[in-house]
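**Q** Please read through the structure below; I'll follow up with questions.
The values are calculated or read from the model by the stated rules, or taken from the named source; none is laboratory data. Since the structure is predicted, the reported quantities are computational estimates derived from the model, not experimental observations. Because the Cβ atoms are built from the backbone with ideal geometry, glycine has one as well, and the counts that use them run over all protein chains shown.
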């Protein structure tokens, strides 16, 4: 009498497991790389936001000064006490674009990973007669 034996045990082979682990590893490495890139992008965005906010704040302070204030005289000016790691400069041009106006160009500079970055804003201040 002949007994028909079939040995069909369910499960994964070692090769199938190695392939699955390889695919999982590649996916996790890609996810880690994306996370590092996202953190770097967020840090860059935070620096630009801080620079823009500082520039807008300093420009608003200049616009609130009287028209004849010393900080609004024609020429280049530097903030004597900027926040750490930042440089704030502004340039005043009298009678531009019209008589009795001043064009204020304010620039905030900083270094990010040894690369010079900056944000500039420009406004026109009119003399109120």
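**Q** Just to check your reading of the model, which residue among 25, 45 is exposed (fewer than 11 other Cβ atoms within 10 Å of the Cβ) and modelled with pLDDT of 95 or more?
**A** Details: 45 fails: modelled with pLDDT of 95 or more.
Going through 25, 45 in turn, just one is exposed (fewer than 11 other Cβ atoms within 10 Å of the Cβ) and modelled with pLDDT of 95 or more: 25.
**Q** So, one more: Which residues, counting only those in segment 52-73, are closer than 11 Å to residue 120 by Cα and in contact with a strand residue (DSSP E or B) (Cβ under 6 Å, 6 or more places away or on another chain)?
**A** Scanning segment 52-73 gives 52, 54, 55, 59.
**Q** Looking only at segment 7-18, decide whether some residue is within 18 Å of residue 125 (Cβ to Cβ) and out of contact with any helix residue (DSSP H, G or I) (no Cβ under 8 Å at 6 or more places or on another chain). Write out each step before concluding.
**A** Looking only at segment 7-18, we keep the residues that are within 18 Å of residue 125 (Cβ to Cβ), and these are none.
No: zero hits.
**Q** Return the residues of segment 75-84 that are at pLDDT 95 or above and either exposed (fewer than 13 other Cβ atoms within 10 Å of the Cβ) or on the phi > 0 side of the Ramachandran plot (or both); say none if nothing qualifies.
**A** Passing the criteria: 75, 76, 78.
**Q** Which strands (runs of 3 or more DSSP E) sit wholly inside segment 1-118 and have at least 1 residues that are in contact (Cβ under 8 Å) with a residue 24 or more places away in the chain and farther than 30 Å from residue 129 by Cβ?
**A** Details: elements: 75-78, 86-94, 101-112.
Fully inside segment 1-118 and qualifying: 86-94, 101-112.
**Q** Looking at 54, 72, 59, 63 in this structure, which one is farther than 13 Å from residue 107 by Cα and surrounded by 15 or more Cβ atoms within 10 Å (Cβ to Cβ)? Lay out the reasoning, then the answer.
**A** Numbers: 54 fails: farther than 13 Å from residue 107 by Cα; 59 fails: farther than 13 Å from residue 107 by Cα; 63 fails: surrounded by 15 or more Cβ atoms within 10 Å (Cβ to Cβ).
Step by step, each of 54, 72, 59, 63 is checked, and only 72 is farther than 13 Å from residue 107 by Cα and surrounded by 15 or more Cβ atoms within 10 Å (Cβ to Cβ).
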